[in-house]
Every structure is written in C-alpha cells, then in structure tokens.
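The values are calculated or read from the model by the stated rules, or taken from the named source; none is laboratory data. Bear in mind the structure is a predicted one, so any value in this text is a computation, not a measurement. Cβ: placed from backbone, ideal geometry, glycine included. Neighbour counts: every protein chain shown.
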Amino acid sequence: MTSATLVSGFGLILVFTALVALLAKPFGLWLFAIYEGRQTPLHRVLGPVERGFYRLAGVNPDQEQNWRQYALHLMLFQVATVVFTYAILRLQGVLPMNPRGLPGISPDGAMNTAIAFVTNTNWQWYAGETVLSNLSQMVGLTLHNFLSAATGIAVAFALFRGFARAQTSNLGNFWADCTRITLYVLLPACVVYALYLVASGVPQTFASLVNATTLEGAHQAIVVGPVASQEAIKMLGTNGGGFFNANSAHPFENPTALVDFVQMLSIFALGAGLTYTFGKAVGNTRQGWAILWAMLLLFVAGASIVWWREAAGNPMLHHLGVMGANMEGKEVRFGAAASALFATVTTAASCGAVNAMHDSFTALGGMIPLFNMQLGEIVIGGVGSGIYGFLLFAVLAVFLAGLMVGRTPEYVGKKIEAREVKLAVLAIVILPLCILGLTAVAVVLPAGLAGPLAKGPHGFSEILYAFTSATANNGSAFAGLTAGTPFYNGLLGVAMWLGRFLVVIPVLAIAGSLAARKQTPAGPGSFPTTGGLWIGLLVATILIVGGLTFLPSLALGPVADHLTGAANLLY
Amino acid sequence: MTSAINRELVAALRPSLVMTGLFAGLLGLAYPAAITGIAQVAFPWAANGSLVTEHGQVIGSDLIGQGFASPRYFHGRPSAAGSAGYDASASAGSNLAPSSQALHDRVAGAVKDIAATSPGSPVPPDLVTTSASGLDPHISPEAAFFQVDRVAAARGLPRETVRALVTAQVEQPLLGLLGEPRVNVLRLNRALDEATVSRAQGH
Amino acid sequence: MSQPTSMFSAELVVPALGGSLRKLHPAQLVRNPVLFTTAVVALLLTVLLFVGQTGLSLGFQIQLIVWLWLTVLFGTFAESLAEGRGRAQAASLRATRSDLVARLPDGSKVSAATLQKGAVVMVAAGELIPADGEVIAGVASVNEAAITGESAPVIREAGGDRSAVTAGTRVLSDEITVRVTQEAGQGFLDRMIALVEGAQRQKTPNEIALTILLVGLTIIFLIAVATIPAFARYAGGQIPVAVLAALLITLIPTTIAALLSAIGIAGMDRLVQFNVLAKSGRAVEAAGDIDVLLLDKTGTITVGDRQASQFLPLNGTSPVTLARAALVASLADETPEGRSIVRLAQEAHGLEAPEVPAGAEVIPFTAQTRISGLDNAGHVVTKGAVDAILRSVPEAARGTAATELRRIAEDVARQGQTPLAVAENGVLLGIVALKDVIKAGVRDRFAELRKMGIRTVMITGDNPLTAAAIAAESGVDDFLAEATPEDKLALIRREQQGGRLVAMCGDGTNDAPALAQADVGVAMNTGTQAAREAGNMVDLDSDPTKLIEIVGLGKQLLMTRGALTTFSVANDVAKYFAIIPAMFLVLYPQLSVLNVMHLATPQSAILSAIMFNALIIPALVPLALKGVRYRPVGAGQLLARNLAIFGMGGLIAPFVGIKAIDLVVAALHLA
C-alpha cells in the first residue's frame, strides 16, 4: 500500500463528506416543504392520488393528532403491514410471479423478515435470490422500504413540531405525513433514481432467471428481476435489504464505482437533509448545521479509521507474500477505500447495505461499523431515525452540561425537564439492554453458540454484531453467522421490534411534552447550541455516554481480535 | 382513558388496513411495473442483465464474473458463490475473518497453486482472496499482468501480444478517484479468444 | 447569623460524622439511588467475603469492601456536613424562638407555641414579638436584628405597608396590638430554621431531572457490567464478582450523586447567609433562569431622593424670585427633596432660610392635590406637579405663561429630571428641576446583566419622558413609566407569555399580585404581610438591589450541579482504562496494551480506581459547599470555561489521580 493510495483514500472520504454537506440544504428544503404541508409542483401530478388515498381510507389530513393518537395510528399501521408481509411470505408458493416455483417461508423466518422490513432494519437471514419470488421482493419488501422510511421521517417531523410549536398538543397527522413523504419525496426521487440505475446496468425485469453457457462451457444460472426499483428505495430510504444475498456488492445491484458513489450519497441524502429541515422548523438553520457538523465529524473520524486499517491489510497473510490492502470480501471495481467508506456510511446511517463483507474486514476496520451502530446510528443515521436519535443525545448533552451555564437546560427554545430526561433515558437504555442483554443470552446458550462461523474473539463479534445491527435497525451483518435458525430469527426479531418502537414511542412522547411547553427565546444567557463548543460537546457526549457502555464488549470482541491478531494468533 | 384508547384504535383501524392495501398496490406493483415498462423500452440491454451473446447463445453477463480454470484463460478471483464458485444464483462472500485459520489455509493454498503456474512475487492480493459477491467480474491490472506469461505460454501467443490485450482492457478510476484500476476478466478472455482466432487465421 | 462558619471546623465535622452513619438507614439511603446501589453492592461483597469462594486474596477483598463502604459514607458525610452548616445557623434562631411568651389582651401570658392563627396579642417596649402577625393597632419601633442582623430599628404601625411583624424581634418603644397570621410552627422563623437545616428540603425540578439521568446512567452501566460474565464465559474465563462490583461502582456516577444534595443545601444556605429567605428550592433555581428583571427605579437605580438641580424661571421672573418662592414653599417640607430645594436656594443665590413664620399655615402634600407650600396670612406660595399647580391657579393666570411653563417642564423631563412648578399668589413663577441621582456603578451592573442575557426593566411612576432619560443614563434596557401595580402585573404576564422568566421585588400590599405572578418575587422584609406571603423570597435587609445577586446565587447553584455532573461522567474514561485491561487480562493477555497508565498489577489497578472514585468525593466537598465561581459573562464564555475545567479536567484528573494512587498502593504493597 503506497502512501499515495492511502492519501487518495482519505481524499475520497473528504470529497464524499463535502458533497453530503452540499446535499443537505436542497434536500432539507424539499423535506421542509413537505413538513409544512406546502404545495409543490409534484402536487399537480400526485395530488389526486393523495386525496384519493385519504378518501378511501377515511382520513382527514387536516385533523391534528396529539402524541398518543399519532403513536397509536402509527403502531396500528405497522402491525397491519407486518401481518400483510408475513402473509405474502408464507403464501409465496401459491402466489403469482414466482416462475422458479419457490416455496413459502417458514413461520419464524417470515415473521423475522416482516419485522426486519417494517422496522427499516432489513436484516436478511436468507439469500434473496435463492429464497424470494419477484412478488415477495416487490409487494412484500419494496412496500416496506418506502413505508418504514416514511414512518421514520414522520416521527422526526412530529418531534420537530414538538420543538417548533408552543402550548399545543398537536403534532400533525400521521397519515398525512406518511402519505406526503411517500408521494412527494420518496416515490418521485426513486423513479428518477431507479431509471439511472437501470441505465448504469442494474436489471429491471419481471423475468427471473437467465441460463448462460460460459466461455469454458459451464452452465451459469443468472438470477435477474426487478432489481432497480427496489435498489433505489433500498438506499434512499436507508433500508439496505438487498435483492441479492451479496447486496450492494453484487454487480447487478451496484455495477460501477460511480453507481457505488451515488448509492452512498443517496443513503445520506435525506438524513443530512433532515438536519437542515430541523433548523428550518425551529427557525434557526444554524441549529441544523451544528448537528450536521457534529455528525460529519464523527463520520470522517470513523471512515478514516476503517480505511487506515483496511489499507494496512491482513497481517496474518503477510508471511505468505500477500501484501497490500485487505481484499478478502471486497470487490475490485470499488477497491478497499470505497469499501471502507461504504461500510462506514451504511452503518452510520441505518442502511445495512454492504458493498463488501464486513465479517472479513480487519478487526478494527470492522469495529467502527459495529460502534457506529452501537451509538444508535445517529451519524446522519436512518431517514428520520437518525435525526430523532441524535436529538435524544442532544437533549442528554444539554442536560449534562447545560446546567454549567447556570440555567435550567434548554434546547432550541424548550426547557429540558424531568419528563424529557426520563423519556430520553428510556429510549437510550434500550440499546444496551437489547444489544448486550441478548448477546449475553446468545453466547451462553448452545443454540446461540451454534451460529458463529468464526472462533475466538471474532466469533463473539459476529454474535454481538448481529444483535447490534438488529437493535439499531441496521440490517448489515458479520454474515458468517448462521442466523436463519428459529433461535436467531426469534431473538433478533425481538431486538428489531424493541429497538425501533421503544425508541419511536418515547420520541413521540417527548414531542408531545415539548409541544405543550412555552417557547423560550434564546439570548446571550442561553446555553449555546450552535458553534464549535456545542459541536465538541455533542461529540464528546455521544462518545462517552454512547460509547463507554459498549467498551467491555468491544474489548472482548474486535479489540481482542485485533490484539491477538497482532500476536499472530489464528482461530 | 381505556375507552378513549379503544375509540382511537377503532378510528385507526380503517386507515391502517386501507392504506396497507393502497400502498401495496402503488409501491409494490404500480411503481416496479412502471419502472420495468420504461426500462424495458429505454434501456433493454441493461434492464435484462447486460447479457453477452455469441452466435445467439447467452454466454454470460458483462457485469457478472464467471469461473475460469483453464491455463489458456485469465483467471478471475476465487469465488465463494455456490459450491463451485461463480454461481450467479447464489452470490456470497467467504465471510472469513482475517484471524481465521480457514482463511489463512485457503490463501496459503491459493498462493501455492499460483506459484506453481505463475511464479512471481508479490502475489496480487485480489488473486488469492474471494470477492464480496463471489461474482466479481474484475481483477486488478497487476493480477492480469501476473498471469500473462502463463496464458501466453498456454496459447502459444507472444507475451507482448497478451500484455497489449491486457493493457487495452485496463479501466482507470473515474476522475482518478472513484474505483480502482481494473480489468474485466470476461471481456479480456473474449478479446484473447478473438486474438487467438485471428492469429490462427492470419497464419 | 450572616457570619459564615468555617467549613471544616471540628464543631461541624464531628456531628456530621455521626450523621453520615445515621443516613445509612436504607429508608434514607434509597432517596439517593446511586449511593443506594453502591451500598447494596458493598453489602453483597461483604456477605460474599464470608460465604463465597472468589479466588481473590483476602486482603484485596477487604480493602475493596472498605473502600466501597467509604464511598457511601463520604456521600452521606457530604450531606450531613451541608446540613450541619445550616443547622448551626438555625441554632441561634431556635434559641430566640424557644422562650417566646405571648401576652394576651386580658393580661394573661401563654407560650407562643400555643398561639392559633387569628389570635390577638399585646407587645410592649422591651418585649419580644411572639409570632408572625400584623399590627392592628399602635405604632412602635422594632429591632429586627434577630432576623436581619441589622441593628437599626424599624417602624411598625397599623395599616399601610409597614404592618408586618416577625416572631423573635423586639419592640423598642410604645405598645402594639398584633393579630397572629400564622399557625404555630409555620411562622417565618420556623420555616427559616427548617429550610437552612435541610430537614424539609424537597428535591427541586432540576434536581429531580438530574436524579433521573443519574439513575438512567446507573441502569445503563448495570447492564454493561451484568453482561460481562456471559461474555467472559464465551472467552473461556471467569471474572470475580468483586472485580465486576469495582467496575460498576467506578462507572456509575457516584461523585455527583454523593454531592447532589449537599450542593442543594449549600445553595440554599448561601442565600440565607445573604439574608434572603427562599420559601422553596424551586425559587432559587428559578432565580438562575431569570430573563427579565423588573427593578424599581427609586432605591435600586437611583438613590432614593431626588435633588434640586436648577431654578428655571418664566420670562419676566428673575431667578432669585423663583428661588426665594421655592425656598419658602419648601420651608415646612421635611422630605429630602424639599431640603434639597432649600439647600440649592441657599447655595446658588445666597438666600437665608428663615424659620417657618409663626401663624403661617402649612399646605401639606396630599395624594389628591399633589401640591404643598406655605400660606402666610394670605401670601400663598405653592409648589407641585406641573399639572397640579396649573389646576390650582386661577384661570386668568394662565395663557402664555402656562404654555411656557409646560415647555420648560418638558425640556426638564426630557433630560430625565422631574419638573416641579412654583406659583406665588396665583402667579406662575417657573420650574424647579429635581434631578434623579443614578447610583454609582449601576451602568456597569446592567451591562453585566445584559451579557448574562438578562434584560432589565425599570419600573417608575415618572412620566415617560423622564423615565426614558433616566433609562438612557442608567443603561437599563427598558422602562415602564407611570407604572401602576396593574401595569406591572400586565408586564409580567406579557413577558411570561413570551416564555421569559421574570423577577421583581416589592413591598406594598398592591405589589402582592405582581409578586405572586413573578417567577421570582422578592418581598422586602419591611413590607406588608400580604407582600411577604405573595413573594417566594423575602429579603431580610429589604434591599431591592439584591435581586441581581440573587440571580447570581441561583446560577451558581445550577452551575455547581452541572459542573460536578460533567466532571463525574468524564471521569469514567480513565476508570475504564484502569479496570478493563486488569479485568480481561486473564482472558486475553494481549489486552495489557490498554493499560495506558502502566498500573502496577491488575489488582492495584482496580484498587486504585475504586480509591480514586471514593476519595474524589471528599476532595470535591469544599467545591460543592462553596459553589463554582460565577462570573457575570455570557453563556458561551461560561460554558467554555466550565467545560475546560470540569469537562477536560474530568477527563484528565483521574488519569493522574489513579496513577498516583497506584504508585502508593504498589509502594505499600497493598495489592
């Protein structure tokens, strides 16, 4: 690995980061128009669809809901769509668009997948191309890719309103938010995006299989399908559930380095945009920028560490004469730098797509994706979930240090009091509870120990990664773990469900509590929540509160993995 | 309290069920169908898998790697897709950790095999490591040049001719930043076949 | 009682030691969940010492257990010490109260403790007032030094704004009849004692929120530590319970939890030492949050008395004529303003000030006429508000003179002075300008407040022109002119509607609604009982300028809490680096590279961390009791400074501290 290569890798990281910062404002303004319920040019085309949906569903979009109503409608909708997808997966064998005659999915598998997609996790215990029909991929899964993204953004909107409004219980209407985000943001963006992907080589066909005879005369069965339409929302909605087992490493999902770069940008586009939307919503865009800078700081640090480690390669292979970057589980067209970047992006956001196999990353290179998720995926984060998760930490940071300026802590004009602290703590506790608690269960039970491919500390990392990914609703894996068993399907299903909704509900409750408060105008005596000091404080709080919780587990997983590796121990 | 929640639940029931159905129709059927329709008209080749045909016979996809074992062909990377590798209906990486004995042994084996056919050092890392998808269509230029002697000898082609073929197939990173220098193995091997045929005809 | 007691004098420390043991009672300890957790863990280890097989050396275990118990004890000690300081202050008050005797109108004497609300008692010169109440008859001078520390007597009389009397104060002259306004045991003195002792202390909103956060952190770290045995089992090893316990206790925020109530008590105590009694801790916290300060002009911004500065005669009147008339009109005026007119006439025009001529009739100032003067056998000289004088002189004397008078008056007002018109026998002579004297240094104070983000609003009865000029000169941000109590109330409501917190002080009965409405209402101790009831603080010195200091004290309380919380949480980083390598060494020896402090042995590392964790508590007690230094600067600067000291300090200090302790532990072969 030459130093020139190393530098160009860091250059890639910085160029990417700069572009994300540039995307924040346009996407933020677009989302802000939807947040406010303003008319956009798209309304002329899709307005009738929106109104038709409301009429058929008996929804009055102007009827504002309090946080309990908002949460209740949201939850019931999640349950309805889970049941729907569960049914489709179970009945796959008798449903149409299944030319390969794939059978229905087992109950635990179907339930796990339904939960995985409704929670925006898209954990995949199965290999897409070998298990799912085109109908299951489209109706069962693509549907959720849209709706889970829209739901995340809707919750973020409700929280924004909590900060922006005063002395009200109204947080907006869930159906209106969800429908508008889908119709006026996700769907039009995906139409354009999907067509770009097809033009770049991503298949889009209702056919399922092509038989080829290779140059050497062997038979190669090539699975195709409606990939582009799913790929677009998979990235934009930070879902990450691939059409194929290899996900965005598969040449059909991610054919070129440029598509790869666009995919990474699209993972961050809406999440970064929402920081700007937040600033607009609370009437001070600097608030939004401060959040974005804190996120990008953590991001650049993480990506740099991954690249630094991956570029150094696998020391255990050096004595075989295999030098250079760690290329096991990576594609040549992306190279190690773009793979390191992709791994950081996808775990910083709750995307879960992979363009390289995280399990084969170097110990520390794989630790950063793990750590990103353990922080709750708040570095840009999932669409909606990233910003509301981040705001939980902001509330905590304000409370920890805010007293130091001699005032009751305030954040963007709202006093942070016992109720908010209680709810924020509740939402944050769910991460260690599910990640560490369920990992502890899995590493002592035979059914859990049957999972890992690796032995030694890396085997522990595989289990830890699975529960981290599920709880944080990421969906990527140290895929050596055999997770398609009733034990893992069940436990990971629980982790995904709790990890999503035991955060969503407290967040909505916080929104309700904040909305009822008066607005306190900021002055020179107010705790400054813009500027370098605040950004530093945010980063420190996230690393200390979020990070320290997981230090023992990281020490026994990736850190031990790294250090035993440095001592040339193989497992 | 309870009755209020019950009332709200009833109120939420209809939109929950109806919206599920409507969105399933719009996002699960209409949207992919529309994209498929446009794609099939506008980008038919790409939309159907960038298939490469020869004499009306599909020989593979331009984007999907395929297995090469003969010394007459450039070899792609080791593949963990399917039991025999390069199974385009079962994409997969090895998922072996750097600290894995199995990885170490496999790479050691691959290095030994390569050393037997193409002596030289250092071994290009991509040639002894499996890709993420198991379907990686590319190898690095180093990995291609590494095999030139072997291929040239097996084909009875001048080394320089083969080198030129490789050089012609090297793709550079976009804007010098995106991606790595690479060679599409299927394209290279087809060019190789063509060159061999034309040379045979030329003789 | 404003004598601060030395922080660690033996008379405070010894009882505090006993108190710290009494506070180990589970029912008390559970109020502090973090310390409770620590105690449970210490107890668990103590039990395990006798029944368990841990594989650790006995000496190590015993030391660990001792330090865990010490952690708890240091926490309870901090609270006891803070309470003790309050109690010392309360002691003198209690001595005053214990022997109070009430004399009923029928002459019988009963113990003050039996007095019911509404009872009527007589208090004569030399007697102590037995209970809080209101003077319903008579007037007396009262020495309130017992409460205020101020020895100059004050006048207490029936009716008006000076009717409230306080238990334990001594009547110096005359006799008054007092109606008791408080139930026994709920009087001013009782509340004060309870408050400074911390006995009735309820957690304030911020304290509750902070406690929730600390409990949350405790739960998170509990999960982190409780899952380690399973992880270790995967790695093929076992971690002794004592080591896990040590990790848990060092990670949970014991430092701030131990000091939290001490900080609260000490904050209250500082206020009391400052002769301000807050009726609740909530009020003290609210003081830190104040956005708007309503300040009465007189006494706060200006010295109480206006001074005559100029004689401005009408056209055709000589200055001397005006000066002489003004002097005569003021001869009987004993107010400082009247005196200043006499003085100015003497100094500026060399006039003699005669005695009030015999037989001359003094025209007294009344709220209705708003003029005063002298009627010497038909020779009438008056002075007063311009409108009032104009109304008092015959229609004929007006015309152009009136217009000119108004013009001069307006000029005077625009300069921030108060115009006083003078008339002689129905003829307008001119204007005496009375100048408000701005107190020294107020401009700087207001600039400071502005930096702190606090807006000052001057409340005055002056007309808007005068008010604007004084506002400009004093540097106050805004003013409310010609203010009535209703205006004041409306202003407070308006500010609060905009999300701002308002502080004010007041003394009159008509201030009561505004005092009650304000987030911090400081009633003057000399004020009426109604005012004292309505406010949530009482200033025993009756000094309205104190409002500014009260805000500072409130901020200091919150800052101290925040600073020590940040310090406590930041400490965790170093503790991890001490314990994690020590703990996991048996599983993966390679983890020893994480031992960045190069601590001697795993056991010494663990012991040093737990010792540091315990010792930091008493080390920070002085800071908790004294409070973090507050300087009136903007929040950004405050944050930068405190983050540097307590955030960075919190990160670095334990690295140094643990290493130092480890050197000692290793040298003494303790582990």
Which of the residues spanning segment C:537-551 are buried (at least 24 other Cβ atoms within 10 Å of the Cβ) and in a helix (DSSP H, G or I)? C:LEU547, C:ILE550, C:VAL551
Yes or no: segment C:280-297 includes at least one residue that is part of a helix (DSSP H, G or I), under 38 Å from the mean Cα position of the chain (by Cα) and either over 30 Å from C:GLY535 (Cβ atoms) or among the acidic types (Asp, Glu) (or both). yes
Considering segment B:125-142 alone, what residues qualify as being without any contact (Cβ under 8 Å) to a residue 24 or more places away in the chain and buried (at least 24 other Cβ atoms within 10 Å of the Cβ)? B:PRO125
Out of A:GLN230, A:GLN287, A:GLN263, I need the residue that is within 10 Å of chain B (Cβ to nearest Cβ) and surrounded by 24 or more Cβ atoms within 10 Å (Cβ to Cβ). Which one? A:GLN230
What number of residues within segment C:435-456 are surrounded by 20 or more Cβ atoms within 10 Å (Cβ to Cβ), outside any helix (DSSP H, G or I) and away from chain A (no Cβ under 14 Å)? 1
Please tell me if C:LYS626 is under 30 Å from A:PRO524 (Cβ atoms), within 37 Å of the chain's Cα centre (by Cα) and more than 10 Å from chain A (Cβ to nearest Cβ). yes
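Conditions tested, residue by residue: (1) farther than 24 Å from A:ALA397 by Cβ; (2) surrounded by fewer than 21 Cβ atoms within 10 Å (Cβ to Cβ); (3) at pLDDT 95 or above; (4) over 25 Å from the mean Cα position of the chain (by Cα).
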site	(1), (2), (3), (4)
A:THR485	yes, yes, no, no
A:ALA495	yes, no, yes, no
A:PRO506	no, no, yes, no
A:LYS518	no, yes, no, yes
A:PRO521	no, yes, no, yes
A:GLY525	no, no, no, yes
A:GLY532	no, yes, no, yes
A:LEU537	no, no, no, no
How many residues, within segment A:50-72, are out of contact with any Pro (no Cβ under 7 Å at 6 or more places or on another chain) and either in a loop (DSSP other than H, G, I, E, B) or surrounded by 15 or more Cβ atoms within 10 Å (Cβ to Cβ) (or both)? 15
From the list C:LEU587, C:LEU557, pick out the single residue that is outside any helix (DSSP H, G or I) and over 14 Å from C:GLY657 (Cα atoms). C:LEU587
Among the residues that make up segment B:63-77, is at least one of them within 7 Å of chain A (Cβ to nearest Cβ) and either out of contact with any Asp or Glu (no Cβ under 9 Å at 6 or more places or on another chain) or of a type in the set (Val, Ile, Thr) (or both)? yes
Would you mind finding the one in A:VAL49, A:VAL59, A:VAL7 that is farther than 30 Å from A:ARG517 by Cβ, within 14 Å of chain B (Cβ to nearest Cβ) and touching a residue at least 60 places away in the same chain (Cβ under 8 Å)? A:VAL49
When you scan segment A:66-81, do you find a residue that is more than 11 Å from chain B (Cβ to nearest Cβ), out of contact with any strand residue (DSSP E or B) (no Cβ under 6 Å at 6 or more places or on another chain) and without any contact (Cβ under 8 Å) to a residue 60 or more places away in the chain, even just one? no
All but one of (1) touching a residue at least 60 places away in the same chain (Cβ under 8 Å); (2) in a helix (DSSP H, G or I) hold for C:PRO632; which doesn't? (2)
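Restricting to segment C:583-604, give me the number of residues that are within 24 Å of A:GLY456 (Cβ to Cβ) and of a type in the set (Gly, Ala, Ser). I'd like the intermediate steps shown before the answer.
Keep residues of segment C:583-604 that are within 24 Å of A:GLY456 (Cβ to Cβ), which gives C:583-595, C:602.
When the remaining residues are screened for being of a type in the set (Gly, Ala, Ser), the result is C:592.
So the count comes out to 1.
Condition check ((1) buried (at least 24 other Cβ atoms within 10 Å of the Cβ); (2) within 9 Å of chain A (Cβ to nearest Cβ)) across all residues:
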residue: C:GLN496; (1), (2): no, yes
residue: C:THR509; (1), (2): no, no
residue: C:ALA514; (1), (2): yes, no
residue: C:MET524; (1), (2): yes, no
residue: C:GLY535; (1), (2): yes, no
residue: C:GLY562; (1), (2): yes, yes
residue: C:ALA578; (1), (2): yes, no
Any residue that is assigned to a loop (DSSP other than H, G, I, E, B) and buried (at least 24 other Cβ atoms within 10 Å of the Cβ) - is there at least one of those in segment A:333-346? yes
I'm checking my understanding of the structure. Among residues of segment A:300-332 that are under 20 Å from the mean Cα position of the chain (by Cα) and surrounded by 24 or more Cβ atoms within 10 Å (Cβ to Cβ), which one is nearest to A:ALA394 (Cα to Cα)? A:GLY302
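Among the residues of segment B:22-37, is any touching an Asp or Glu at 6+ places or on another chain (Cβ under 7 Å), crowded, with 16+ Cβ neighbours inside 10 Å and within 8 Å of chain A (Cβ to nearest Cβ)? Talk me through it step by step, then tell me what you get.
Restricting attention to segment B:22-37, the residues satisfying the condition of being touching an Asp or Glu at 6+ places or on another chain (Cβ under 7 Å) are none.
No, there is no match, as no residue in segment B:22-37 is touching an Asp or Glu at 6+ places or on another chain (Cβ under 7 Å), crowded, with 16+ Cβ neighbours inside 10 Å and within 8 Å of chain A (Cβ to nearest Cβ).
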Could you check B:PHE145 against (1) in contact with a Pro (Cβ under 7 Å, 6 or more places away or on another chain); (2) closer than 30 Å to A:ILE13 by Cβ; (3) touching a residue at least 12 places away in the same chain (Cβ under 8 Å) and say which number it fails? (1)
Residues satisfying the stated conditions in segment C:18-54, i.e. within 41 Å of the chain's Cα centre (by Cα), of a type in the set (S, T, N, Q) and in a helix (DSSP H, G or I): C:SER20, C:GLN28, C:THR37, C:THR38
So which pairs qualify, if the first residue must be in segment B:169-193 and assigned by TED's automatic domain parsing to the domain that holds B:PHE74 and of a type in the set (Gly, Ala, Ser), the second must be assigned to a helix (DSSP H, G or I) and crowded, with 18+ Cβ neighbours inside 10 Å, the Cβ gap must be under 6 Å, and the two must be at least 6 apart or on different chains? B:GLY179/A:ALA257; B:ALA191/B:LEU165
Just to check your reading of the model, which residue among A:ALA272, A:ALA249 is modelled with pLDDT of 95 or more and under 26 Å from A:GLY384 (Cβ atoms)? A:ALA272
Within segment A:174-192, the residues that are more than 10 Å from chain B (Cβ to nearest Cβ) and either among the aromatic types (Phe, Trp, Tyr) or in contact (Cβ under 8 Å) with a residue 12 or more places away in the chain (or both) are A:ALA176, A:ASP177, A:ARG180, A:ILE181, A:TYR184, A:VAL185, A:PRO188, A:ALA189
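I'd like to check which helices (runs of 4 or more DSSP H) are fully inside segment A:467-563 and have at least 1 residues that are of a type in the set (Lys, Arg) and more than 12 Å from chain C (Cβ to nearest Cβ).
Output list reads A:486-516.
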Would you be able to say whether some residue in segment A:358-371 is outside any helix (DSSP H, G or I), surrounded by 24 or more Cβ atoms within 10 Å (Cβ to Cβ) and not small (Gly, Ala, Ser)? yes
Take the residues of segment A:212-227 that are more than 7 Å from chain B (Cβ to nearest Cβ) and without any contact (Cβ under 8 Å) to a residue 60 or more places away in the chain: which is nearest to A:GLY128 (Cα to Cα)? A:VAL227
